[in-house]
Amino acid sequence: RLKEGRALAEDVWSIYNVANLPADCINLGQGYMNFAPPQWVKDAATQALQGVAENHYSHPKGRMRLRQAISQSYGPQFNRELDVESEILVTSGANEGMYSVFVAFLEAGDEVIMFEPFFDQYLPSVTFNGGKPVYVPLHPPAASNKSPTSNEWSIDLVELRNAITPRTKMIIVNTPHNPVGKVFTREELQGIAALAKEFNLLVMSDEVYDCLTFDGKEHVRIANLPGMWDRTVTVGSAGKAFAATGWRVGWLIGPASIIRPTLAATTRIVFCTNSPLQEAAAAGLEQADQRGYFATQRAEYTERRKILTDAFDRMGLTYTLPQGSYFILLDISNVNFPEDYPFPPSVLGRGRDFKACWFIALEIGVSSIPVSEFYCEEHANIGEAYARFGFCKDVDTLKKAAERLQKLK
Ligand code: GLN
């Protein structure tokens with residue numbers, strides 16, 4: 001079934017994987033932390049492994065302790081009591097949760113609207129399930145010698161309306177946004193919500209970076225807008241919340257009408273999510289508030305963000321200042337590299353940004369992700385202007401990367 005195109009090509013995370021890059025290259029590519037989860041969360045994982053039940057199957061809905069912890073922490077954020085039996089589903093990472101929503105809801109030819117650039121996994125996850133991705137642009141700010149903020153990337157509600165057809169089933173919202181870092185405003189989400197209601201569409205809201213907003217930006221949940229709870233599924237992730245991306249523990253929150261069919265899909269795909277790390281994620285959520293964990297984490301990320309933006313300022317290159325997530329888009333349209341550089345075959349056939357990122361990784365020693373991967377093939381040229389740098393690294397590593405990047409000036 002996967003005969004051609006993006007679906008069969010090597011994905012960007014594999015091409016720029018540390019395994020393919022020199023050992024001393026600093027990896028600011030994939031969102032890959034170089035620090036461990038907090039000690040108290042790791043302790044909970046270790047403790048879970050000493051048990052009996054914690055090493056065996058969980059209920060496909062997720063372990064009761066984790067569903068209860070999700071209900072307790074997120075209920076107030078959704079202004080409602082979240083029913084642990086019917087409104088919460090633990091998934092094997094946010095990605096599997098989203099995939100299961102597509103399995104449960106897409107019929108052949110159903111159209112799924114996504115704002116472009118989009119997190120790359122959405123595209124194959126939709127097409128593998130017979131859906132058709134439809135793209136609505138997040139318009140980059142007009143070129144200028146001043147660095148814009150992520151919220152200057154704008155949506156046009158007329159374009160969104162025009163993208164809706166009788167086959168449209170769902171809109172994917174992603175806030176804070178990967179790779180732009182945009183935190184959608186209440187007004188923008190109200191505009192999207194009004195169209196979802198007018199045309200009776202589902203909304204999948206990928207909010208895995210919900211705990212990472214900066215500059216006082218408020219994270220608004222589209223599920224909370226009037227009339228939206230019943231048609232929205234919200235996606236969350238322990239990996240982002242607790243620096244544990246390899247745990248593959250995520251969750252979905254939504255009405256029973258969405259959670260129940262998605263549970264059927266997830267049960268057949270993975271049956272259940274790994275048990276001991278669900279216990280640890282539960283401990284994380286149970287104790288986060290009393291430890292002031294998310295506020296500390298936000299302050300740490302604000303400092304990390306500044307190390308990179310200061311470095312880019314010194315280089316005289318413009319970037320998008322992210323107001324959420326841990327990614328920065330650097331404008332690389334004026335970064336030069338030799339055309340005849342020995343690029344590997346996986347990079348050779350791709351856009352200018354793939355080559356620039358490869359060159360920067362090998363010659364400067366800092367890896368990043370080419371942004372055309374977050375565009376469909378037809379619009380890839382827009383993404384070719386950018387490389388995405390992650391700042392989910394400790395301060396010393398970011399400072400070292402900042403030093404190395406000065407050679408790009
Ligand atoms: N979310 C991660 C990122 O954007 C990558 C996830 C993945 O490797 N598929 O860096």
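Values quoted throughout were computed directly from the atomic coordinates according to the rules given, and no laboratory measurement underlies them. Quick caveat, the model's predicted, so the values are computed rather than measured. With ideal geometry, Cβ positions are generated from the backbone for all residues, glycine too; neighbour counts draw on all protein chains shown.
Quick rundown of the values:
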quantity	calculated
The stretch 268-323: C-alpha gyration tensor shape, a/c 1.5 cut-off, then a/b vs b/c	oblate
Positive-end residue, the chain charge dipole about Cα centroid, Cβ charges, pick of Ser71, Ser147, Pro179	Ser71
Three-way shape call for the stretch 1-108 based on the alpha-carbon gyration tensor, with the a/c threshold at 1.5	oblate
Set of the stretch 72-91 residues, backbone N closer than 13 Å to the point 7 Å along the Cα-Cβ line of Ala256	83-88
Gained length - Leu348 relative to Glu403, 0.36 nm times residue gap less alpha-carbon distance	17.0 nm
Fluctuation leader among Trp251, Trp40, Trp358 - the chain, Gaussian network, Cα springs under 10 angstrom	Trp40
Ranked list, fewest to most other Cβ atoms within 10 Å of each Cβ, for Leu195, Leu123	Leu195, Leu123
The stretch 273-278 - phi-based ³J(HN,Hα) in whole Hz, Karplus 6.51/-1.76/1.60, Gly and Pro as x	8, 3, 6, x, 6, 5
Net dipole in debye of the chain [+1 Lys, Arg Cβ; -1 Asp, Glu Cβ; about Cα centre; nearest 20]	360 debye
Length-normalised contact order of the stretch 31-110 in % [C-alpha pairs under 8 Å, at least 6 apart]	21 percent
Cα lying deepest toward the dipole's positive end in the chain, options Phe102, Leu348, Gly250, charges on Cβ	Gly250
The stretch 298-409: C-alpha gyration tensor shape, a/c 1.5 cut-off, then a/b vs b/c	prolate
Within straight-line cross-link reach of Lys399, lysines at Cα separation under 20 Å, skipping those fewer than 8 residues along the same chain	Lys306, Lys407, Lys409
Average Cα contact separation per residue, the stretch 60-165, under 8 Å, 6 or more apart, as relative contact order %	19 percent
Choice from Asp340, Asp43, Asp120 with maximal GNM fluctuation in the chain (Cα, 10 Å cutoff)	Asp340
Computed label-point distance, nm, for sites Glu107 and Asn55 using a 7 Å Cα→Cβ extension	4.7 nm
Relative exposure of Ile171, Ile70, Ile155, judged by other C-beta atoms within 10 Å (fewest first)	Ile155, Ile70, Ile171
DSSP loop GluC sites (Glu not before Pro) with at most 14 other Cβ within 10 Å excluded, longest remaining stretch of the chain	219-338
Relative contact order (percent, whole number), the chain, Cα cutoff 8 Å, 6+ residue spacing	24 percent
Volume per residue that the Cα convex hull of the chain spans, once the total is divided by residue count, Å³	138 Å³
Equivalent ellipsoid dimensions for the stretch 130-243 as semi-axes, Å, which come from the Cα gyration tensor, largest first	23, 19, 13
FRET efficiency, Gln77 to Thr185 (Cβ-Cβ, R0 22 Å, nearest 0.05)	0.80
The chain: most fluctuating residue of Pro137, Pro76, Pro370 per GNM, C-alpha cutoff 10 Å	Pro76
